[in-house]
Structures are given as structure tokens and as C-alpha cells.
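The values are calculated or read from the model by the stated rules, or taken from the named source; none is laboratory data. Bear in mind that the values here come from a model prediction, so they are computed numbers and not experimental data. For neighbour counting, all protein chains shown are included, and Cβ atoms are generated from backbone atoms with ideal geometry for every residue, glycine included. In case anyone asks, the SASA skips ligands and DNA or RNA and just uses the protein heavy atoms, side chains included. Shrake-Rupley method; radii C 1.70, N 1.55, O 1.52, S 1.80 Å.
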Amino acid sequence: MTYVIIGWDGPEGQSKRPHHRPAHLEYLDRLQKQDQLLCAGPFTDKAGSLVIIEAESMEQAKSIANGDPYVTHGIFERVEIHPFKRILPRQPEE
């Protein structure tokens, strides 16, 4: 199932990002190699970031979110996780 993770930056989020960005990108690269990462990137208004993943359950999605260095190092003040149904672009039938 697809999940959307929204990480909202805390007051020190922008100042902490550069230091923890390499570990964050490494974490996302690992998810991509495991075919779990669909899309990720920061909001251009500097409010936070969006990560779209594939996970077996909400519990696994929470575990993935909680393992992100941006969570463990306090860049994200708050994290939301929502199940997501992709409609477009259409996926080929499996």
C-alpha cells in the first residue's frame, strides 16, 4: 500500500538540515533500492518535506518514517502519515 509522509519542520529545522542531509539522502536511497520510495522532496516554502513510500502496513510506514534522520535528529517537529490511493498517472495492470 502507498503512504504519504509529511514532515513539518520545527523551529530549528532549516538550520539543522544541512548537517543531517547526507544521512537523510542515504536513508532515502536505501528505501529506493528496496523499491519502497516513490517520491521525496522538500516543500519550496521551507515548511517541511513530502515522502511517498510503499509499505506493508501503517506500522511499517511509521517505522520507516521514524527511522529517517530528519525525524531522529529533530528536523521534523511533527510527522503525518496517510494511506494514499494513486489514481494518476495510471499504473500498468500487474
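Look through region 52-67, keep the residues that are over 13 Å from residue 30 (Cβ atoms), in contact (Cβ under 8 Å) with a residue 24 or more places away in the chain and not small (Gly, Ala, Ser), and return whichever of them is most open to solvent (accessible area, probe 1.4 Å).
Initially, region 52-67 is screened for residues over 13 Å from residue 30 (Cβ atoms), giving 52, 54-63, 65-66.
Those left that are additionally in contact (Cβ under 8 Å) with a residue 24 or more places away in the chain: 52, 54-58, 61, 65.
With not small (Gly, Ala, Ser) added as a condition, the list becomes 52, 54, 56, 58.
Details: 52: 30, 54: 60, 56: 160, 58: 49 Å².
Applying the filter and picking the extreme gives 56.
It is to be established whether one or more residues within region 20-31 are open to solvent by less than 30 Å² (accessible area, probe 1.4 Å), touching a Phe, Trp or Tyr at 6+ places or on another chain (Cβ under 6 Å) and more than 25 Å from residue 89 (Cβ to Cβ).
Looking for residues that are open to solvent by less than 30 Å² (accessible area, probe 1.4 Å), touching a Phe, Trp or Tyr at 6+ places or on another chain (Cβ under 6 Å) and more than 25 Å from residue 89 (Cβ to Cβ), one finds at least one in region 20-31, hence yes.
Restricting attention to region 73-89, report how many residues are at positive phi and either in a helix (DSSP H, G or I) or surrounded by fewer than 11 Cβ atoms within 10 Å (Cβ to Cβ) (or both).
The first filter runs over region 73-89 and keeps only residues at positive phi, leaving 74.
Add one more test, that the residue is either in a helix (DSSP H, G or I) or surrounded by fewer than 11 Cβ atoms within 10 Å (Cβ to Cβ) (or both), and what stays is none.
The total comes to 0.
Residue under question is residue 70, and the condition is that it be touching a strand residue (DSSP E or B) at 6+ places or on another chain (Cβ under 9 Å) and open to solvent by less than 80 Å² (accessible area, probe 1.4 Å); does it hold?
In short, yes.
Applying the selection to region 54-93, what residues are of a type in the set (A, V, I, L, M), farther than 20 Å from residue 17 by Cβ and in contact with a helix residue (DSSP H, G or I) (Cβ under 9 Å, 6 or more places away or on another chain)? Before you say what the answer is, go through the steps one by one.
Within region 54-93, the subset of a type in the set (A, V, I, L, M) is 55, 58, 61, 64-65, 71, 75, 79, 81, 87-88.
Then drop every residue that is not farther than 20 Å from residue 17 by Cβ, which leaves 55, 58, 61, 81, 87-88.
Passing the criteria: 55, 81.
If you check every pair at least six apart or on different chains, which have Cβ atoms under 8 Å apart with a residue in region 6-28 that is free of Cβ contacts under 8 Å to residues at least 40 places away in the same chain first and a residue that is of a type in the set (Gly, Ala, Ser) and open to solvent by 90 Å² or more (accessible area, probe 1.4 Å) second?
none
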